[in-house]
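Take a look at the structure below.
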Amino acid sequence: MTDLRIRAATPDDLDTVLTFWKTAAEGTSISDDRDGVEGLVARDPGALILAERAGALAGTVIAGFDGWRCHLYRLAVHPAHRRQGIGGALLAAAEEPFVELGGRRGDAMVLTRNETGQHAWRAAGYSPEEQWRRWVKPLTVS
């Protein structure tokens, strides 16, 4: 996998990432728009991690550490590049700074219907915690 390049996203990558997620990611998020991703990259320039192969986007992951928990979102690998170690390389790139910052546990949100994603997370050493339930409230700017 020597032709794989892992790097942080830049503002120039955002339209490509949004298009990529329509093909490679499962489901959509309220933040899956230019403003949402632009805000992420502006606030935490290293959080959106890209994997490129032959100059094309092959995978993404968002890695955020709030000082308490290590959160992982949007692990997505293009269908043509799955099962080639790209997801594992992205997670390694995300987990390394977590450990350096003192993070103790990574967590990921995975849709219950996303069986492909659940298999990928299990293969990477993650396991579900069925005793937890996610609670959400959409926030609006007034």
Original post:
So, of the residues in the range 75-126 that are among the hydroxyl-bearing types (Ser, Thr, Tyr) and more than 18 Å from Phe20 (Cα to Cα), which turns out to be surrounded by the fewest Cβ atoms within 10 Å (Cβ to Cβ)?
Top reply: Thr112
Original post:
Which of the residues that make up the range 9-46 are of a type in the set (D, E, K, R), under 26 Å from Arg83 (Cα atoms) and not in a helix (DSSP H, G or I)?
Top reply: Glu26, Asp32
Original post:
Any idea which residue in the range 26-74 is least open to solvent (accessible area, probe 1.4 Å), counting only those that are among the hydroxyl-bearing types (Ser, Thr, Tyr) and over 19 Å from Arg105 (Cα atoms)?
Top reply: Thr60
**OP:** Determine, yes or no, whether Val17 is at pLDDT 95 or above, of a type in the set (Val, Ile, Thr), open to solvent by less than 70 Å² (accessible area, probe 1.4 Å) and touching a Ser or Thr at 6+ places or on another chain (Cβ under 7 Å).
**Re:** yes
Original post:
Within the bounds of the range 91-105, is there any residue that is assigned to a loop (DSSP other than H, G, I, E, B), touching a Lys or Arg at 6+ places or on another chain (Cβ under 9 Å) and within 19 Å of Ala54 (Cα to Cα)?
Top reply: no
**OP:** Determine the pairs where a residue that is over 20 Å from Arg74 (Cα atoms), located within the range 91-104, has a partner that is open to solvent by 50 Å² or more (accessible area, probe 1.4 Å) and among the aromatic types (Phe, Trp, Tyr) with Cβ atoms under 6 Å apart, the partner being 6 or more residues away or on another chain.
**Re:** Leu101/Phe65
Original post:
What number of residues within the range 6-21 are of a type outside the set (Gly, Ala, Ser) and closer than 20 Å to Leu72 by Cβ?
Top reply: 8
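The values are calculated or read from the model by the stated rules, or taken from the named source; none is laboratory data. Note that the structure is predicted; figures quoted are calculated from it, not measured. So basically every Cβ, Gly included, is an ideal-geometry build from the backbone, and we count neighbours across all protein chains shown. Just the protein is used for accessible areas: all its heavy atoms, side chains included, with ligands, DNA and RNA removed. Shrake-Rupley method; radii C 1.70, N 1.55, O 1.52, S 1.80 Å.
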